[in-house]
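Okay, structure first, notes after.
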Amino acid sequence: MRDTESITERIRLLADPRPVLAIGTAFWAIAALVVLLVGDRWSDVLPVCIAGIIVGLLGTTLFLVQRSAARRGRRGAQVGLD
């Protein structure tokens, strides 16, 4: 019985998108800071870094809204976002 619980817990941890969203957005923010500090040489890359940050924040917002709707029991909400 313990093995089943352990496997279930591992699956739940690996399926959680929050760490991936946070780490990805943080990497884009660090990349944007590096581009800003380096100066003109990499200035063409700055819009890509900003787009990465925006997409990460939008993904996080979408996940939080869907999870909130799932917890409230809304019909259109995704299933399994506990």
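Laboratory data are not the source of any read-out in this text; all were calculated from the coordinates shown. Everything quoted here is computed from the prediction, not taken from an experiment. Glycine gets a Cβ as well: all are built from the backbone with ideal geometry, and neighbour counts include every protein chain shown.
Annotations for the structure displayed:
- One chain, two ends: Trp42 and Val65. Fully extended at 0.36 nm per residue, the span grows by 4.7 nm beyond their Cα-Cα distance.
- Annotation: extensible slack from Asp3 through Ile23 equals 4.3 nm (criterion: 0.36 nm per residue apart, minus Cα-Cα distance).
- Read-out log10 I(q)/I(0) by the Debye sum over Cα atoms at q = 0.16 Å⁻¹, derived from the coordinates shown; its label in (i) -0.74; (ii) -0.68; (iii) -0.56: (i)
- Helix-only CD estimate at 222 nm, as mean residue ellipticity for the chain, using -39500 (n - 2.57) per DSSP H run (n ≥ 4): -26000 deg cm²/dmol
- Kyte-Doolittle mean at least 0.0 and Cα axial length at least 15 Å: DSSP H helices in the chain: 18-38, 46-72
- Once exposed loop trypsin sites (Lys or Arg not before Pro) are cut out (DSSP; at most 12 other Cβ, 10 Å), longest piece of the chain: 1-73
- When the Cα positions of Ser43, Ala22, Thr61 are compared along the charge dipole of the chain, Thr61 comes out farthest toward the positive end, with charges on each C-beta of Lys, Arg, Asp and Glu.
- Full-stretch length increase - Ile30, Ile54 - with 0.36 nm per residue and alpha-carbon distance subtracted: 7.3 nm
- Taken about its Cα centre, the chain carries a charge dipole of about 460 debye when Lys and Arg each add +1 at the Cβ and Asp and Glu each add -1 at the Cβ.
- For the chain, the relative contact order is 23 percent, taking Cα pairs closer than 8 Å that sit 6 or more residues apart in sequence and dividing their mean separation by the residue count.
- Fluctuation leader among Ile53, Ile23, Ile11 - the chain, Gaussian network, Cα springs under 10 angstrom: Ile11
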